[in-house]
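Scroll down for the structure; my scribbles are underneath it.
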Amino acid sequence: MSDKLTKNERRAQAREQARAMQERRRRRERMRRGLTIGGIILAAVAIVAIVAVVIVNSIRPAGPGPENMASNGIVVGQDFVAERTAATPAEGEPTPTEPREDIIQIEIYQDYMCPVCGAFDEANRATLEQLLDTGAATVEVHPIAILDRFSLGTKFSTRSASAAACVAEFAPDQFWAFNSAMYDNQPEEQTAGLTNDEIVGIAEGAGIDPSTGVADCIREGRFMSWAEDATIRAGSQPLPGTDGVVADRTPTVLVNGQKYEGAPNDAAGFQAFVTATAGQLTGESETPEATETPAPSETPAPSETPAPSEG
């Protein structure tokens, strides 16, 4: 029997090979479309789930605030240990932190979606950590939410402020690590932001045991109503302990009640402001703890975060 194919047989074989190749291409195309559609569906489901949490929490009656945030902020002190306070009762007023004469008191009003807040953190975290390490200062962090309009309906600013409140209540001594990790993983504006599960993962990465209750608290958005109320207070009323200073943008940074007006990413400028303000407190011209940290290289200043809408 001859191994050679006739002309007709070769044509038939070529047609069969072409048909098989075309079928393989069709299968690959169907698979590619399926994966693409599946990814879109999963992303849509995730956003719908987040929005559902937002809606549920928007109609939830106001409850008590988080523990350790009686001032609507958490005070972190030496060795990053947080001060303990009772929770503000539902419908209650926050209690301003008492001014002290023996230490520098720094307050930061911030939004985790705010790129200018991220620039301030990047430029000044080392200085703040040295001041905390030496016990020269406390840092009081106030999470607020003025940029929900930049997270595609998921209210990331409010959800992340609520998550920070959860950490303040369940793992206060890990708050600073969590706060830093949130800026290390900061989402861009005009995105859905981080999911609640992703925020839980950041908390775990910051050394927080999810079994303490913090994971459930973050996932359910337990303090979203509190965050909304704290934001309204910060944007419409004099800040606690100050003379008419209003948080009309983030970050708003106060040192011993005096508002820092310099560029957020100017590390040397912020150090000089802390030094000068501390000098007024102690009567000395400088504080070594505030000036020993070398200033990071400057980066172009980001545009100012818009003020929240009135109402």
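Considering Cα pairs under 8 angstrom that are at least six residues apart, work out the relative contact order of region 65-178 and quote it in whole percent.
On the way: 186 pairs, mean separation 39.0, N = 114.
Over region 65-178, the number comes to 34 percent.
Quick check: from the Cα gyration tensor, does region 178-219 come out rounded (a/c under 1.5), prolate or oblate? Let's see the in-between values first.
Values: a/c = 3.37, a/b = 1.60, b/c = 2.10.
Because a/c hits 1.5 or more and a/b fails to exceed b/c, region 178-219 counts as oblate.
Could you work out how far apart the two model spin labels at ARG10 and THR134 are, taking each label as a point 7 Å from the Cα in the direction of the beta carbon, and quote it in nm?
In this crude spin-label approximation the distance works out to 8.9 nm.
Sketch the reach of a paramagnetic label on GLU189 as a point 7 Å from Cα along Cα-to-Cβ, and name the residues of region 140-158 whose backbone nitrogen lies under 18 Å away.
144-158
Give me the percent of accessible area attributable to carbon and sulfur for region 125-214, probe 1.4 angstrom.
46
Net charge near PHE150, counting Lys/Arg +1 and Asp/Glu -1 over other residues with Cβ under 10 Å of its Cβ?
Working: positive: ARG149; negative: ASP111, ASP148, GLU188, GLU189.
With Lys, Arg at +1 and Asp, Glu at -1, the neighbours total -3.
The values are calculated or read from the model by the stated rules, or taken from the named source; none is laboratory data. Computed from a predicted structure; not experimentally measured. FYI the Cβ positions are ideal-geometry reconstructions off the backbone, even for glycines, and counts take in every protein chain you see. Calculation scope for accessible area: heavy atoms of the full protein, side chains included, ligands and nucleic acids excluded. Shrake-Rupley method; radii C 1.70, N 1.55, O 1.52, S 1.80 Å.
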